[in-house]
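The values are calculated or read from the model by the stated rules, or taken from the named source; none is laboratory data. Values in this document were obtained by computation on a predicted structure and should not be read as measured data. Because the Cβ atoms are built from the backbone with ideal geometry, glycine has one as well, and the counts that use them run over all protein chains shown. For the accessible areas, the whole protein counts, side chains as well, though only heavy atoms, and no ligand, DNA or RNA atoms are used. Shrake-Rupley method; radii C 1.70, N 1.55, O 1.52, S 1.80 Å.
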Amino acid sequence: LLSREFLRPDGVRLHIAAAGIDTGYATDAAYAFIRPRQIGRVYALKGSSNRGAPLVGRPTEKSVKKGRLGLNLYPVGVDTAKDSVYSRLQIPEPGPGYCHFPDDRDANYFDMLTAEEAVTRYVKGVAYRTWRLKPKKSRNEALDTRVYGYVALRILNPNWKKIASSIAGRVEQAKEKPEAPKKRKPNRKPRKNWVKGWKK
């Protein structure tokens, strides 16, 4: 999946620039998978339960066995991330912050994407905002993947102008590239079958 290639309608090929993996489940297996792939921008993420936590905190290096690479673990303010995702989902027209989705997403995907709601809770008389599953909802994987994809993007912090310029250049190159000449079939007469001829 990490080496998958995506083809744009204009012929430009794109690759996955970064990925975020939730280490809250099967933690040891997640660490083992991520550790050798950090150089390829595969980030280890862990949701933070601290109220008001920033979207992405400073990574901490996990202690590992002797002779193995270290692992940078990024704390994620999940509630903060969901606030941002849901506010973007409400933008009706294409532009900054507008959410684009592939046309193969079905109703089940959007049902999971919108499966949570923000609620106000009180702890010792102090109000705070948090997210929870809506009644009769049990699946929220689409929201989780959207959140961690957004977090990976923020860690990567790409130069959008440079990327746009690079893609525009590749589109122009594709337009200028002459079409490869079609191979012509040689005009040859069919050979006689000497085996059948010998039998005759």
Residue match in region 54-69 (condition: farther than 24 Å from Phe33 by Cα and in a loop (DSSP other than H, G, I, E, B)):
yes
For region 77-116: of the residues being of a type in the set (A, V, I, L, M, F, W, C), within 18 Å of the chain's Cα centre (by Cα) and in a loop (DSSP other than H, G, I, E, B), which is farthest from Gly47 (Cα to Cα)?
Phe101
Would you confirm whether or not region 46-56 contains a residue that is surrounded by fewer than 16 Cβ atoms within 10 Å (Cβ to Cβ), touching a residue at least 12 places away in the same chain (Cβ under 8 Å) and in contact with a Leu (Cβ under 8 Å, 6 or more places away or on another chain)?
no
For region 117-136, the count of residues that are among the charged types (D, E, K, R) and assigned to a strand (DSSP E or B) equals 4
Name the one entry in Lys175, Lys182 that is outside any loop (DSSP other than H, G, I, E, B) and modelled with pLDDT under 90.
Lys175
Hey, does region 147-159 have a residue that's aromatic (Phe, Trp, Tyr) and at pLDDT 95 or above?
no
Of the conditions (1) assigned to a strand (DSSP E or B); (2) touching a residue at least 12 places away in the same chain (Cβ under 8 Å); (3) open to solvent by 50 Å² or more (accessible area, probe 1.4 Å), Leu14 satisfies every one except a single condition; which number is it?
(2)
Could you grab the pairs with beta carbons closer than 6 Å, sequence gap of 6+ or different chains, first residue in region 29-44 and outside any helix (DSSP H, G or I), second one aromatic (Phe, Trp, Tyr) and modelled with pLDDT of 90 or more?
Tyr43/Tyr74
Within region 135-170, residues among the hydrophobic types (A, V, I, L, M, F, W, C) and surrounded by 15 or more Cβ atoms within 10 Å (Cβ to Cβ) come out as Ala142, Leu143, Val147, Val151, Ala152, Ile155
Run Val126 past the list (1) touching a Phe, Trp or Tyr at 6+ places or on another chain (Cβ under 9 Å); (2) open to solvent by 60 Å² or more (accessible area, probe 1.4 Å); (3) modelled with pLDDT under 90; (4) not acidic (Asp, Glu) and report the number of the one that doesn't hold.
(1)
Would region 64-76 turn up any residue that is open to solvent by 70 Å² or more (accessible area, probe 1.4 Å), free of Cβ contacts under 8 Å to residues at least 60 places away in the same chain and of a type in the set (A, V, I, L, M, F, W, C)?
yes
Tell me whether region 88-108 contains one or more residues that are at pLDDT below 90 and open to solvent by less than 80 Å² (accessible area, probe 1.4 Å).
yes
